[in-house]
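Input: a single structure, listed below in structure tokens.
A short reminder: the numbers here are calculations on the coordinates, not readings from a lab. Everything numeric here is computed off the predicted structure, so don't read it as measured data. All Cβ positions, even for glycine, are placed from backbone atoms using ideal geometry, and neighbour counts span all protein chains on display.
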Amino acid sequence: MKTEVISTARREDAGTTIGAELIQNGELVAFPTETVYGLGANGLDGEAVNRIFEAKGRPNDNPLILHIAKKSDVKDLWAHVPKIANTLMDTFWPGPLTMIFNKADEVPYEVTAGLETVAIRMPSDKTARLLIQKAGVPIAAPSANRSGRPSPTTAKHVLDDMDGRIPLILDGGPCRYGVESTVLSLVGEPTILRPGAITREMLEAVIGPVRLAPSILEPLGAREVAASPGMKYKHYAPDADVHVIEGEPKAAAKRIRSLYYEYESEGKRVAILGTDQTMPSYRNLTAYSLGDRMEPETLCANLFTLLRDVGSENDVILAEGVDTRETGLAFMNRLLRAAGFQRETV
Ligand code: AMP
Ligand code: MG
């Protein structure tokens, strides 16, 4: 299959029309969102949804998110709409917040991986919304990477993973946030299953206490697998082996320097992912800044791109950990998984 790439800067109307036809015909389309690129199919067509799992090599017990173009569409997809969801929709939609609640009968089990709940989000990205509107159905979409790889934040990343596997990629340029949506379960007490750009602090300001799933900064415990099956798989792994060094920035940078020389003496190609604040400590070494540690959203925006690009040219990546407040939590959740939890604190 030939994979066509259409730039939305030049041909947004034509691109979304062609994409919507493909979706209606049960085919797959990769499209930009404000978080990462999604790999979409008709969310009401179980057979079309199965193609997503095939193209990604995704285990079929890992559920997908349904993307909608208008808030009222949740009524057809959830068994009913809880009051708290209305409050959250009014505050955070369109945007990078996914909510989980009991599914309506119309939602195929292929989307939910057999669960009785379904995850729904209304993206703010204009191209994504136009595509969903024109398709006239909710679009089921996980991230558009091969399973286990870092999520794609540019059309080139999607092409690297999906060339020949899907008919169309809509290229909308780099994604604004660079990490996937916050996933909030509204079944029982509100619980964040996956942190994102809509932070626990932002949610609590609107609805009061929000729990964090324990696995956010730890490997998944057996009891949690049932509630969030997708989290048990290897995630975001680049080609290189990643080690995370946490602690006071100067001390962490010192430890990273010494690890760098150790790996280098073993003949390994080593690179550092530091922050603007610590870059002076890495003079003469191969080092890249993830961004400003006081503004963790900058770290989120650069993480997957650097993991892919730096990972493909090195054997080992030494990465700095940061505080887990606000969007620092989303950053550390992705980084620790990319590292397979190889971490040390100085
Ligand atoms: P992706 O967009 O590739 O990150 O995949 C969607 C994410 O949402 C996965 O981590 C899923 O485990 C999670 N998810 C989707 N639906 C549900 C659900 N019904 N219950 C729990 N987690 C879900
Ligand atoms: Mg994913």
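Counting pairs of alpha carbon atoms under 8 Å apart in space and at least six apart in sequence, what relative contact order in percent does segment 1-133 give? Write out the running numbers ahead of the final one.
Working: 205 pairs, mean separation 38.2, N = 133.
The normalised contact order for segment 1-133 reaches 29 percent.
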### Message
What number results when the radius of gyration of segment 193-346, computed over Cα atoms, is divided by 2.2 N^0.38 Å?
### Response
1.06
### Message
Please compute the contact order of the chain in relative form: average sequence separation of alpha-carbon pairs under 8 Å and at least six residues apart, divided by the residue count, as a percent.
### Response
19 percent
### Query
Can you give the convex hull volume of the alpha carbon atoms of segment 55-161 per residue, in Å³?
109 Å³
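Taking the radius of gyration and the Kirkwood hydrodynamic radius from Cα positions alone, what is the Rg/Rh ratio for the chain, to two decimal places? Don't skip to the end; give the middle numbers.
Details: Rg = 19.9 Å, Rh = 20.4 Å.
Result for the chain is an Rg/Rh of 0.97.
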### Query
Full extension from GLU4 to GLU116: what is 0.36 nm times the residue separation minus their Cα-Cα distance, to one decimal in nm?
36.7 nm
### Query
Can you work out the base-10 log of I(q)/I(0) for segment 105-180 at q = 0.13, 0.21, 0.24 1/Å, using the Debye formula on its C-alpha atoms alone?
-0.48, -1.19, -1.34
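By how many nm would the segment from LYS70 to ASP315 lengthen if fully extended, with 0.36 nm per residue of separation less the alpha-carbon distance?
Answer, rounded to one decimal: 83.7 nm.
Treating only the Cβ atoms of Lys and Arg (+1) and Asp and Glu (-1) as charged, compute the dipole magnitude of the chain about its Cα centre; round to the nearest 20 debye. List each step's numbers first, then the result.
Numbers: 39 positive and 46 negative charges, 35 e Å.
Once rounded to the nearest 20, the dipole reads 160 debye.
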### Message
How large is the convex hull of the C-alpha atoms of segment 1-105 per residue, in Å³?
### Response
128 Å³
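In µm²/s, what is D for segment 158-217 at 25 °C and 0.890 mPa s, where D = kT/(6 pi eta Rh) by Stokes-Einstein and Rh is the Kirkwood radius from Cα pairs? Intermediate values should be presented prior to the final figure.
On the way: Rh = 14.0 Å.
Reported coefficient: 175 µm²/s.
Of the beta bridges DSSP finds with both residues in the chain, what % are antiparallel, to the nearest 5?
On the way: 17 of 47 bridges.
In the chain, approximately 35 percent of DSSP beta bridges are antiparallel ones.
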#### Entry: Pair ASN50, ASP160: separation of 7 Å Cα→Cβ label points (nm)
3.2 nm
### Message
Explain nothing, just compute: Karplus ³J(HN,Hα) = 6.51 cos²θ - 1.76 cosθ + 1.60, θ = phi - 60°, for every residue of segment 325-339 in order, whole Hz, x for Gly and Pro.
### Response
6, 6, 6, x, 5, 5, 4, 5, 4, 6, 4, 5, 6, 4, 8
### Task
Given the peptides 147-160, 106-119, arrange them by the average over their residues of other C-beta atoms within 10 Å, most packed first.
147-160, 106-119
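Whole number please: convex hull volume per residue of the Cα set in segment 268-340, in Å³? Intermediate values should be presented prior to the final figure.
Values: hull volume 5.5 nm³, N = 73.
Given the Cα convex hull of segment 268-340, per-residue volume reads 75 Å³.
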### Query
Given LYS83/LYS103; LYS156/LYS268; LYS71/LYS126; LYS126/LYS156, which pairs have Cα atoms separated by over 22 Å?
LYS156/LYS268
